[in-house]
Amino acid sequence: MVLAVPAWLLRNRTPALVVLLALGWVAIFASHGGWATGYAKLLVDDLALAHVAAHRPRPTRLAAASVLFAVQLLVAGAMPHGPDGQIQAAALVVLGFIAAMTTARTVRERREHAVELRSRETERAVAAERLRIARELHDMVAHSIGIVAIQAGVGGRVIDTQPAEARKALAAIEATSRETLAGLRRMLGTLRESGEGAAGTPAPPPLDPAPGLADLER
């Protein structure tokens with residue numbers, strides 16, 4: 001039983017924090033703590049609430065805020081210093097709660113903004129890299145097509161008078177075409193392996209079967 005409590009605290013840190021903060025007020029009342037102790041406890045509660053609200057999902061932070069705010073209001077109403085003291089304590093509870101939630105919201109917005117900026121930088125880098133690869137593809141294909149066109153023209157002019165030169169032109173066309181195809185395969189394979197999905201995660205390779213003769217009409 002002694003080991004079960006710490007294990008539960010480790011598994012459920014946010015609910016355990018709320019319970020411990022609530023039990024802190026019980027301990028203060030049991031020990032007849034003064035106003036200074038109560039204010040210090042209120043500050044600790046608000047700091048803990050700000051941390052939970054800034055780093056936990058919406059349901060968790062709403063539950064923590066509701067429990068702590070209700071406990072603090074109950075404590076303010078139970079103050080043995082008359083109506084004026086209770087009103088003052090309730091006002092401090094409300095102000096502290098607003099400050100904690102506002103601070104947590106600011107922290108969340110800054111964190112989300114930083115994540116968005118990093119995502120935009122990544123997208124710009126990917127777009128720039130793809131543009132560079134597209135330019136390289138364009139230059140490589142244009143250069144190869146130019147060579148093929150020149151060699152084809154030479155071969156067409158000399159095929160009757162100089163068959164050896166025509167064969168050289170055809171060999172140059174074949175070599176250039178094969179080299180260009182190999183370069184395209186390498187570059188497209190690299191793009192396929194490094195392609196990203198919509199959420200920024202590596203896109204899985206296609207699992208569909210390769211098209212065959214049955215898919216010819218489509």
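Inside the range 10-87, counting only helices (runs of 4 or more DSSP H) that do not spill past its ends, which hold 2 or more residues that are open to solvent by 40 Å² or more (accessible area, probe 1.4 Å), farther than 16 Å from Ile98 by Cα and modelled with pLDDT of 75 or more?
Working: elements: 13-30, 35-55, 58-77.
Helices (runs of 4 or more DSSP H) meeting the threshold: 58-77.
Checking the conditions here, which among Thr190, Thr122 is among the β-branched types (Val, Ile, Thr), surrounded by 11 or more Cβ atoms within 10 Å (Cβ to Cβ) and in contact with a Gly (Cβ under 9 Å, 6 or more places away or on another chain)? Before you say what the answer is, go through the steps one by one.
Values: Thr190 fails: in contact with a Gly (Cβ under 9 Å, 6 or more places away or on another chain).
After applying the criteria, what remains is Thr122.
The values are calculated or read from the model by the stated rules, or taken from the named source; none is laboratory data. A quick note: this is a predicted structure, and the numbers were derived from the prediction, not measured. No Cβ is skipped: glycine too gets one built from the backbone with ideal geometry, and neighbour counts run over all protein chains shown. Surface areas here come from the heavy atoms of the whole protein model, side chains and all, with no ligands, DNA or RNA. Shrake-Rupley method; radii C 1.70, N 1.55, O 1.52, S 1.80 Å.
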